[in-house]
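Heads up: the structure comes next, in structure tokens.
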Amino acid sequence: MRRLIILILGYRWLFEVPKILHRNISLNNLMLREEGDKIYAVLNDFDLAVSADVKSTSSKQRTGTKPFMAIDLLRPDPSVHMYHHDLESMFYVLVWITSRFNNGEEITEPPLQEWAANDGVTVTEKKSFFVMMSEPSLLTPQFSSFGRRVVSMQTMFRDGFYSRTKYLAELLLAGSECSFSYFEDETLGGLVTFDKFQKILDTKLL
């Protein structure tokens, strides 16, 4: 658990200090380096990275590694890449690790194979169902105590997506009489943030 938290804190530093959106958070791009009694987060592969301060058409493209890509970015017309998309990818990495690995080895017949399917439509449907409807995958013995945190993260993203859907529906119904015209999409209405992500993981474990 402590190592997972270190990875989250490392990515938060990347976004908030040099202000970089990595845009390809995946299992193979997240690493830890140990030096003596200290552990450092290492994030690899910055080929798709962009400045977090710049919102342009260059960041409106399908980027990432499919099993860990955000749902919005898997759609035929992907949105501009935002930091909640990288947090969503981080969530999928955590789910992948905790349900497919035990004591450093991948289990036989691991779950979530459909997330690696070549069909983007299928992956979108499977992930949408996972976030919005399904119970989390069965965790391996090594991560059995992580279940509550996985459910809390799932709920965080579910609430964010519901909030955005509700806003868009109300906007459509209001039409020309609409008195509200803004939704904070970067954090899905303030519901998906680093602070909330870290609180779920419980930084006191450090």
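Data for the structure
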| quantity | calculated |
| --- | --- |
| Zone residues, region 6-22, relative to Ser145, backbone N less than 19 Å from point 7 Å out along Cα-to-Cβ | 6-8 |
| Estimated FRET transfer efficiency (Lys19, Ser79; beta-carbon r; R0 25 Å; 0.05) | 0.80 |
| Probe 1.4 Å, protein heavy atoms only - accessible area per residue of the chain in square angstrom | 53 Å² |
| Highest average packing first - 18-31, 154-167, Cβ atoms within 10 Å | 18-31, 154-167 |
| Net charge contributed by nearby residues that have their C-beta within less than 12 Å of Gln154 (K/R +1, D/E -1) | +1 |
| Assigned charges on the beta-carbon of Lys, Arg, Asp, Glu; the chain dipole about Cα centre (debye) | 280 debye |
| Relative contact order, percent, region 89-206 [alpha-carbon distance under 8 Å, six or more residues apart] | 22 percent |
| Extension gain (nm, one decimal) between Phe129 and Asp185, 0.36 nm per residue minus Cα-Cα | 18.1 nm |
| Count of Lys pairs (Cα-Cα under 19 Å; at least 8 positions apart or interchain) in the chain | 6 |
| The chain shape via C-alpha gyration tensor axes, a/c threshold 1.5 | prolate |
| Cα-projected label distance for Tyr162 with Asp47, points at 7 Å along beta-carbon direction, nm | 3.9 nm |
| Within the accessible area of the chain (1.4 Å probe), percent carbon and sulfur | 54 percent |
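The values are calculated or read from the model by the stated rules, or taken from the named source; none is laboratory data. As the structure is a prediction and not an experimental result, all values here were calculated from the model. Every residue, glycine among them, receives a Cβ derived from its backbone with ideal geometry; neighbour counts consider all protein chains shown. SASA here: full protein model, heavy atoms, side chains in, ligands and nucleic acids out. Shrake-Rupley method; radii C 1.70, N 1.55, O 1.52, S 1.80 Å.
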